[in-house]
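So the structure is just underneath, and the comments pick up after that.
The values are calculated or read from the model by the stated rules, or taken from the named source; none is laboratory data. Note that the coordinates shown come from a computational prediction; the quantities given were computed from them, not determined experimentally. Using ideal geometry, Cβ is built from the backbone for each residue, glycine included, and neighbour counts are taken over all protein chains shown.
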Amino acid sequence: MKNKRQNTFDARQALQEAEIFKCLDDEAIGQVSSLVKWKQYRKGVEVIPYKDESDDVYFIASGQVRINIFSFAGKEISYQELGPGQMFGELSAIDQLPRTANVITLNIARIGVISRSDYWGLIDRYPSVAAASLKRLASLVRLLTDRVYQYGALDVKGRVRMEVLRLARESMSGDDTATIQHFPTHSEIANRVNTHREAVTRELNELSGMGLIEQNQRVLTVKAVSHLSELLLEDT
């Protein structure tokens, strides 16, 4: 019985940990909870298809999703991976246009969904939700700006290095070191930076030979983030 209680999903706690609701008090979280419907997805399930005309907003309680799109030739282009506490789907809730990408689960995931009208109601009612939504949109603009820069100014070597640097800055474990847990596969990085797996492998081997990175299965350690940043400046 004890283990059963421990495994019970706590919807209120999941919402309190969501980036958009962190500033809400218990009473407000209770009101939000009454609006959110939760569903558990298996690995590899398409939560939102590209060009879908739905306009709900989603919140991840557990698991991860990948936001991607496929070219006419079938090549995957990966934009972003999201995990617990993060949200997706707000663009269509704002402009009511079709979805701009697919959203696919990378593992078993529990995800909450709220309607467009209820999402806008929360924005109107709680300034902190509006502010968090704006911050989320700003982060998307910055991400896409970086991608445009990568494709326009960097060659494959530079794009791979920039992706490693981006992941490192999100996973700093010391003044100049970073430990990236669950480092993406070489194919996944290739999809993110528009190249092929062999090019990623070649560049990571070069960085390893320079003593800048060390990989142990899915954990990658960047030993000198500042040096990696300097190499990237040289590439430009």
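Observations on the structure shown:
- Residue identified as under 27 Å from VAL148 (Cβ atoms), in a helix (DSSP H, G or I) and of a type in the set (Val, Ile, Thr) among ILE77, ILE94, ILE60: ILE94
- Checked against the criteria, GLN64 counts as touching an Asp or Glu at 6+ places or on another chain (Cβ under 9 Å), farther than 23 Å from ARG116 by Cβ and of a type outside the set (Asp, Glu).
- Here is the figure for segment 172-191: residues that are touching a helix residue (DSSP H, G or I) at 6+ places or on another chain (Cβ under 6 Å) and either under 12 Å from VAL160 (Cα atoms) or of a type in the set (Phe, Trp, Tyr) (or both) total 4.
- Members of segment 191-236 that are part of a helix (DSSP H, G or I), within 25 Å of the chain's Cα centre (by Cα) and of a type in the set (S, T, N, Q): ASN191, THR201, SER226, SER229
- Options VAL148, VAL129: the member that is modelled with pLDDT of 95 or more and β-branched (Val, Ile, Thr): VAL129
- Remark: TYR50 falls outside the filter, which requires a residue to be not in a loop (DSSP other than H, G, I, E, B) and not β-branched (Val, Ile, Thr).
- At least 2 residues being modelled with pLDDT of 95 or more and within 19 Å of the chain's Cα centre (by Cα) is the threshold, and among the helices (runs of 4 or more DSSP H) wholly inside segment 1-43 those reaching it are 11-16.
- Taken over segment 152-179, the criterion of being free of Cβ contacts under 8 Å to residues at least 60 places away in the same chain and over 23 Å from GLU76 (Cα atoms) is satisfied by ARG169, GLU170, SER171, MET172, SER173, GLY174, ASP175, ASP176, THR177, ALA178, THR179.
- Single residue of segment 135-173 satisfying the filter (assigned to a helix (DSSP H, G or I) and among the polar types (S, T, N, Q)) that is surrounded by the fewest Cβ atoms within 10 Å (Cβ to Cβ): THR145
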